[in-house]
Amino acid sequence: LLIELSFKQQANSSIKLISADGKLIETRTLDHSKDHKINFDTSGLSTGIYFVQVLNQGKVYTKMLSKL
C-alpha cells in the first residue's frame, strides 16, 4: 500500500494504519519534509476495512481503505 502525502508547511507528522476494530497495525513518524511516500506492507493483513490516520500540525486526517 503506497501512500503519497504533500503538506503545505514543513512539520513533524505521523501516520498510522489502523484496523476497523481499532487495532493499531503500524505507526510511522515523518520528518520535516513537505512530500512523503510511505509504503505499508499489507501482505500479512486479512481482507477488510482499514483506516489511515495522519497527524500534521495538531490536525488529524482519516481515510478509510478496503483490502480485497
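The values are calculated or read from the model by the stated rules, or taken from the named source; none is laboratory data. Just so you know, these numbers come straight off a predicted model, no measurement behind them. Because the Cβ atoms are built from the backbone with ideal geometry, glycine has one as well, and the counts that use them run over all protein chains shown. Surface accessibility is based on the protein's heavy atoms, side chains included, excluding ligands, DNA and RNA. Shrake-Rupley method; radii C 1.70, N 1.55, O 1.52, S 1.80 Å.
Of note:
- By a 1.4 Å probe calculation restricted to protein chains, LYS59 has an accessible surface near 120 Å², given to the nearest 10.
- Shape of the chain, Cα gyration tensor, a/c cut at 1.5: prolate
- The residues of the chain have, on average, 71 Å² of accessible surface per residue, using a 1.4 Å probe with all protein chains present.
- Look at the dipole of region 15-68 built from charges on Cβ: of TYR61, PHE51, PHE40, the Cα furthest out on the positive end belongs to TYR61.
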